[in-house]
């Protein structure tokens, strides 16, 4: 029986991987000790934790591709987030040098970038290997999963939010099986936060949008996992990285220049509020565990 036609199966212990962009143990540890992140505290008290090395460039695509394959970028085909082309040259370059303003050339249009897709993989991710052994997977928002490839289970690509409402919404490649797309779309429609949501108060538009997308995908993951139980599942949260880049300076003003007391008071709590949201998501994952299950909370970079 092929992966594409195999039925979902959830018999036996399960593994849930909560993938975080931009989370930091240095940030979590003191706040968990103070009781401000109680669910992270439960993990720290009852589980195992340690710092992980990462790879460069610290972009979601190459980092999570390495995690999914267990193979370094030079071998798995994903060295950066895009392929790059010099003006008038169709030969791709898959990695730009750092520390020499090379990305300014992209901004100026001298170099064209073409975002990678699922066709970039040169090694098999974990969920396809599990499928060979009859183990079902549910993958939500893992980088480089669009167009969706058949797996034993379900997959929601990391570009689903970009396709909703676009001319490509019904192209059948945003999720697998494609019959699940209406379920995911409905989950997106139902997960809008009310105007009083503390996550949205005082947050700039790009960061607020990133937070909404996290909630969209989380709701979709919950809906699909409830309807189609699987043995291995993963959900990725991206907004900590986006929010941290903008608001960490107001939490640790001593490490940055030109942060006024007024700015610290106005913006200093935003990153903490989002960590609290992620903490609640971790708590929900903990409560869903049954004997024999394993929960992994992993940050690809911090």
Among the numbered criteria (1) crowded, with 20+ Cβ neighbours inside 10 Å; (2) in contact (Cβ under 8 Å) with a residue 24 or more places away in the chain, which single criterion is violated by residue 62?
(2)
Looking only at segment 152-165, count every residue that is at pLDDT 95 or above and either assigned to a strand (DSSP E or B) or farther than 16 Å from residue 236 by Cβ (or both) and tell me the total.
5
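Out of everything in segment 89-100 that is part of a loop (DSSP other than H, G, I, E, B) and surrounded by 10 or more Cβ atoms within 10 Å (Cβ to Cβ), what residue ends up being modelled with the highest pLDDT? Step through it out loud before you land on a result.
The initial filter retains those residues of segment 89-100 that are part of a loop (DSSP other than H, G, I, E, B), namely 89-92, 94-100.
From the residues that got through so far, the ones that are surrounded by 10 or more Cβ atoms within 10 Å (Cβ to Cβ) too are 89, 92, 94-96, 98.
Working: 89: 83, 92: 80, 94: 80, 95: 78, 96: 78, 98: 73.
Across segment 89-100, the extreme among qualifying residues is 89.
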Checked against (1) at pLDDT 90 or above; (2) surrounded by 13 or more Cβ atoms within 10 Å (Cβ to Cβ); (3) under 21 Å from residue 17 (Cα atoms), residue 187 satisfies every condition except (1)
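Against the definition (over 20 Å from residue 18 (Cα atoms) and either assigned by TED's automatic domain parsing to the domain that holds residue 219 or touching a residue at least 60 places away in the same chain (Cβ under 8 Å) (or both)), how does residue 171 come out, yes or no? Before the answer, list the steps.
Details: over 20 Å from residue 18 (Cα atoms): yes; either assigned by TED's automatic domain parsing to the domain that holds residue 219 or touching a residue at least 60 places away in the same chain (Cβ under 8 Å) (or both): yes.
It is true that residue 171 is over 20 Å from residue 18 (Cα atoms) and either assigned by TED's automatic domain parsing to the domain that holds residue 219 or touching a residue at least 60 places away in the same chain (Cβ under 8 Å) (or both).
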Residue among 183, 78 that is under 26 Å from residue 58 (Cβ atoms) and in contact (Cβ under 8 Å) with a residue 40 or more places away in the chain:
78
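Just to check your reading of the model, which residue among 263, 257 is over 30 Å from residue 187 (Cα atoms), assigned to a loop (DSSP other than H, G, I, E, B) and in the same structural domain as residue 182 (by TED's automatic domain parsing)?
On the way: 263 fails: assigned to a loop (DSSP other than H, G, I, E, B).
The conditions single out 257.
The values are calculated or read from the model by the stated rules, or taken from the named source; none is laboratory data. Note that the coordinates shown come from a computational prediction; the quantities given were computed from them, not determined experimentally. A quick note on method: Cβ atoms are made from the backbone with ideal geometry, for glycine too, and the neighbour counts reach across all protein chains shown.
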